[in-house]
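Worksheet: the structure to be examined is printed underneath.
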Amino acid sequence: MAKKSKEVPAGHVLRFTGGERLSHWVHAISYLVLLFTGLAVMSVKFRPVMDIIGGIDISRIIHRVFAVIFVVVVGLLFFTGERKHHWEWLRSVFVWTKADVMHVKAFAAEFFGGHGNYPPQAKYNGGEKINSMITIFGTVFITLSGVMMWFPQYFPVSLVRLAYPIHDLSMIMMTAALIGHLYLALIHPESRAAFKGMTKGYVSKGFAKAHHGAWYEELKKEGKVQD
């Protein structure tokens, strides 16, 4: 407990551990690199920009290198270090409660600057669970289709042809979610306070109570935080 008190400032609560933050940033940075190099591979309109890093051939190499990072590094973090938190996140995404559903119903008000009318939320609210599901399924489909595109000689021609639109649609879906995620994390007047959770690891107690009240009460019961 003494160690935590030094790491987390007074009036704040630990939201994400170092391992959780590492996983998030490896995924986010590698996806952005994949997005921009992939756009250059997909469309000639983006290729002039790739001249900055050496042209389309270098873009393809970078794309493949970061594809491995995107899959392997994040995957390994589920089995090394703070794996407990990764598996808890994965399980929570697919366990829905009435509170989660009510959060999603009120999400429009939340998204456009207000504060939706919904019951206290767990560590991950309904909106975050939807974002996580898009990330999970998008990653699965973009990875499987990418493998087929990278090694077409090992797959039936019909599957390889299908892999291209699946890869593109997965990218579009994940990018749309990314844009919304960036808006909420950097611009939204209420939810942008959560960004510190992914940079410093902690958020204010006020934010935790307002947006993740059920989780905050759990921490109190476990003696991890005091009012």
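The values are calculated or read from the model by the stated rules, or taken from the named source; none is laboratory data. Being a predicted model, the structure only gives us computed values, none of them experimental. Heads up, the Cβs are rebuilt from the backbone with ideal geometry, glycines too, and the neighbour counts pull from every protein chain shown. Protein only, heavy atoms only, side chains kept; ligands, DNA and RNA dropped before computing areas. Shrake-Rupley method; radii C 1.70, N 1.55, O 1.52, S 1.80 Å.
One decimal place: the segment residue 64-residue 214 gains 49.8 nm when fully extended, by the rule 0.36 nm per residue minus the C-alpha distance. Panel values: the stretch 62-159, Kirkwood radius from alpha carbon pairs, Stokes-Einstein at 4 °C and 1.567 mPa s, translational diffusion coefficient 81 µm²/s. Taking Lys and Arg as +1 and Asp and Glu as -1, the other residues whose beta-carbon sits under 12 Å from that of residue 81 total +1. With the cut-off at 1.5 for a/c, could you classify the stretch 15-126 from its C-alpha gyration tensor as rounded, prolate or oblate? Here the stretch 15-126 falls in the oblate category. Note on residue 50: accessible area is roughly 20 Å² with a 1.4 Å probe, heavy atoms of protein only. Helix 56-68 and the long axis of the chain differ in direction by around 40°, with both axes built from C-alpha atoms.
Would you mind getting me the FRET efficiency between residue 140 and residue 117? Use the beta-carbon distance for r and R0 = 25 Å, nearest 0.05.
So the FRET efficiency works out to roughly 0.15.
Helix 18-42 axis versus longest C-alpha principal axis of the chain: approximately 30°, rounded to the nearest ten. Expressed as a whole percent, the accessible area of the stretch 27-150 that falls on carbon and sulfur atoms is 74 (1.4 Å probe). Once C-alpha pairs closer than 8 Å and six or more residues apart are averaged by separation and normalised to the residue number of the chain, the relative contact order reads 25 percent. Heavy-atom accessible surface of residue 47, to the nearest 10 Å², is about 70 Å², with a 1.4 Å probe and all protein chains retained. For the residue pairs 129/220; 84/209; 98/196; 98/200, the alpha carbons lie more than 26 Å apart in 98/196; 98/200.
Within the set (i) 17.0, 49; (ii) 17.7, 63; (iii) 19.8, 62, the number that Rg and Dmax of the Cα atoms in Å takes when calculated for this structure is listed as (iii).
When +1 charges are put on Lys and Arg Cβ atoms and -1 charges on Asp and Glu Cβ atoms, the dipole computed for the chain relative to its Cα centre reaches about 420 debye. Among 156-166, 99-109, sorting by the average number of other beta carbon atoms lying within 10 angstrom of each residue, highest first, gives 99-109, 156-166. Taking label positions 7 Å along the Cα-Cβ direction at both residue 108 and residue 186, the computed distance is 2.7 nm, reported to one decimal.
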